[in-house]
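The values are calculated or read from the model by the stated rules, or taken from the named source; none is laboratory data. Everything quoted here is computed from the prediction, not taken from an experiment. Positions of Cβ are generated from backbone atoms using ideal geometry, with glycine treated the same way; all protein chains shown enter the neighbour counts.
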Amino acid sequence: MAEQSGTESLVERMRRDLTRARRAGDASAVTALRTALSAFANAEAIPAPEPAARPSPPGWAPDLPRRNLSAGDRRAILEEEIADRRHTVELYTGHGRGQEASELRRQIEVLEGYLDDVSSGGAVGV
């Protein structure tokens, strides 16, 4: 699923592949991609400033700056997502939950397909 196009960022490729996986009904890829993209978004978040003396009106939130992740940051996040799944595969296998372990193995395969994208020195911006 992870096709390199030179100018397309890792996140753009993952979002495009997520759309394709949804259309194809590939639940493993959808789950893997959604959680990885969420992990990137969470890592980009910076701590919110202390609340102002006067609260914002309901339904309005100020725009907060986002952290720019490096290729190394994104690679570390992907590796952590993969490591978490590998650990869970071991637990599931040890408890006779082979179907769940197989699902996680498929998610690992999907995420591993993006490790080369991060390592290749290609565009990895948001």
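Read through the list (1) touching a residue at least 40 places away in the same chain (Cβ under 8 Å); (2) surrounded by fewer than 16 Cβ atoms within 10 Å (Cβ to Cβ); (3) within 18 Å of SER9 (Cα to Cα), then give the number of the only condition that ALA71 fails.
So the condition that ALA71 fails would be (2).
Starting from region 82-103, take each residue that is buried (at least 16 other Cβ atoms within 10 Å of the Cβ) and list its partners that are aromatic (Phe, Trp, Tyr) and modelled with pLDDT of 95 or more, counting only C-beta distances under 6 angstrom and pairs at least six apart or across chains.
Note: pairs meeting the criteria are ALA101/TYR92.
Looking at GLY72 and the list (1) part of a helix (DSSP H, G or I); (2) within 19 Å of LEU18 (Cβ to Cβ); (3) modelled with pLDDT under 95, which single condition is not satisfied?
So the condition that GLY72 fails would be (2).
Could we say that GLY121 is modelled with pLDDT of 95 or more and not in a helix (DSSP H, G or I) here?
Working: modelled with pLDDT of 95 or more: no; not in a helix (DSSP H, G or I): yes.
The answer is no for GLY121.
Among the residues of region 12-56 satisfying the criterion of being modelled with pLDDT of 95 or more and among the β-branched types (Val, Ile, Thr), which is nearest to ARG75 (Cα to Cα)?
Only one residue fits best here, namely THR35.
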